[in-house]
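Colleague: Can you read through this structure? Questions will come right after.
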Amino acid sequence: MKRVFAVTLVLAVASTLFAQERGGPATIEDAFLRQQIELQILRSQARSTDRDAKLFAIETVREMYENRRLEESAELFDIVRTLATEGTSNQVRRAGRVVNNFPVVRKEAAALLGDIGGRDAQRVLLVIVREDPEPMVLAEAVYALGKVGALDNADEVADHLVFTLTRENARIAPDNNLALATLLALERLFESGLEFRDPVQLQNTIGLIIDMSTNYRYITIVRNRARSVLSSLIAAR
């Protein structure tokens, strides 16, 4: 991490000195050059097989987002999308072994996608929910889906969330964090006005949540949240 930060700092300083040598404040050309340098650094960090370099790239993009410097940039979004599927659909192999399988990177990228929002972010999050094997990544992805909202495809989002709950409910030892995150996401959708067009899907979802609310394989907070989701579902109808 320190090595990557040092490279970033050197390049940033070099950009500033370049502007100073030209005899004045940074021009539009200087700003463009700096943006290109930053983008190249982010690409290099994202392509690295070093976990800390990837996490630093996510931190940098998040800072750009929070400082409103993350505008409509296909390049930056591609970086986040790549990091969100590190080690799953986006694999780097050496001697037959996957060397970029970092669940914590995918988790942080999923959280960032939830903050960025929009249809493109939602598409990536749906892929994560379908394909990622790690409960902590799935938990972050489903929670992020709740933050993004249903947009105009409520049924598709609900299908993914209900599928996740169904899968966990069938396990002997379900992941409580994943179950809770999925319930929270569903609750957000119900409160925003989600309605199931298919009455069978609605009936199955209600039955599933009722089962979770009384299933002692889940901890108390999950069972209580299931009851809260039921209340939200009833209030939304």
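The values are calculated or read from the model by the stated rules, or taken from the named source; none is laboratory data. Note that the coordinates shown come from a computational prediction; the quantities given were computed from them, not determined experimentally. Note: ideal-geometry Cβ built from the backbone for every residue, glycine included; neighbour counts use all protein chains shown.
Colleague: State all residues of segment 81-98 that are of a type in the set (Val, Ile, Thr) and under 18 Å from Arg43 (Cβ atoms); if no residue qualifies, say none. Outline the logic, then answer.
Modeller: Here is the first cut: in segment 81-98, the ones of a type in the set (Val, Ile, Thr) are 82, 85, 88, 92, 98.
Selection gives Thr82, Thr85, Val92.
Let's see how each residue does on (1) under 8 Å from the mean Cα position of the chain (by Cα); (2) under 22 Å from Leu180 (Cα atoms); (3) in a helix (DSSP H, G or I); (4) among the aliphatic types (A, V, I, L, M):
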{"site": "Leu76", "(1), (2), (3), (4)": "no, no, yes, yes"}
{"site": "Val80", "(1), (2), (3), (4)": "no, no, yes, yes"}
{"site": "Asn100", "(1), (2), (3), (4)": "no, no, no, no"}
{"site": "Val105", "(1), (2), (3), (4)": "no, yes, yes, yes"}
{"site": "Gln122", "(1), (2), (3), (4)": "no, yes, yes, no"}
{"site": "Ala141", "(1), (2), (3), (4)": "yes, yes, yes, yes"}
{"site": "Ala144", "(1), (2), (3), (4)": "yes, yes, yes, yes"}
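Colleague: Within segment 35-55, how many residues turn out to be under 19 Å from the mean Cα position of the chain (by Cα) and closer than 15 Å to Gly87 by Cβ?
Modeller: The first filter runs over segment 35-55 and keeps only residues under 19 Å from the mean Cα position of the chain (by Cα), leaving 42-43, 45-47, 51-55.
With the extra rule that they be closer than 15 Å to Gly87 by Cβ, the set shrinks to 46-47, 51, 53-55.
Result for segment 35-55: 6.
Colleague: Quick one: count up the residues across segment 58-74 that are at pLDDT below 80 and in contact with a Leu (Cβ under 8 Å, 6 or more places away or on another chain).
Modeller: Residues in segment 58-74 being at pLDDT below 80 and in contact with a Leu (Cβ under 8 Å, 6 or more places away or on another chain): 1 in total.
Colleague: A further question follows. Identify the single condition in (1) at pLDDT 90 or above; (2) surrounded by 14 or more Cβ atoms within 10 Å (Cβ to Cβ); (3) under 30 Å from Arg217 (Cβ atoms) that Thr82 does not satisfy, given that it satisfies every other one.
Modeller: (3)
Colleague: Follow-up question, since we're still on this one. Looking only at segment 153-187, filter to residues that are in contact with a Gly (Cβ under 9 Å, 6 or more places away or on another chain) and surrounded by fewer than 20 Cβ atoms within 10 Å (Cβ to Cβ); which one of those is farthest from Ala141 (Cα to Cα)?
Modeller: First, pick out the residues of segment 153-187 that are in contact with a Gly (Cβ under 9 Å, 6 or more places away or on another chain): 154, 157, 161, 181-182, 184-187.
Now narrow it down to the ones that are surrounded by fewer than 20 Cβ atoms within 10 Å (Cβ to Cβ): 154, 184.
On the way: Ala154: 16, Leu184: 12 Å.
It comes out as Ala154.
Colleague: Would a scan of segment 94-115 turn up a residue that is without any contact (Cβ under 8 Å) to a residue 24 or more places away in the chain and buried (at least 19 other Cβ atoms within 10 Å of the Cβ)?
Modeller: no
Colleague: Just give me the residues in segment 78-93 being more than 15 Å from Ala141 (Cα to Cα), in contact (Cβ under 8 Å) with a residue 12 or more places away in the chain and touching a Leu at 6+ places or on another chain (Cβ under 9 Å), in sequence order.
Modeller: Step one: list which residues in segment 78-93 are more than 15 Å from Ala141 (Cα to Cα), which gives 78-79, 87, 89-93.
Retained after the next criterion (residues that are in contact (Cβ under 8 Å) with a residue 12 or more places away in the chain): 79, 87, 89, 92.
Correct list: Ile79 only.
Colleague: Taking the stated definitions as given, is Ala150 part of a helix (DSSP H, G or I), surrounded by 13 or more Cβ atoms within 10 Å (Cβ to Cβ) and in contact (Cβ under 8 Å) with a residue 40 or more places away in the chain? Walk me through how you get there before you give the answer.
Modeller: Working: part of a helix (DSSP H, G or I): no; surrounded by 13 or more Cβ atoms within 10 Å (Cβ to Cβ): yes; in contact (Cβ under 8 Å) with a residue 40 or more places away in the chain: yes.
In short, no.
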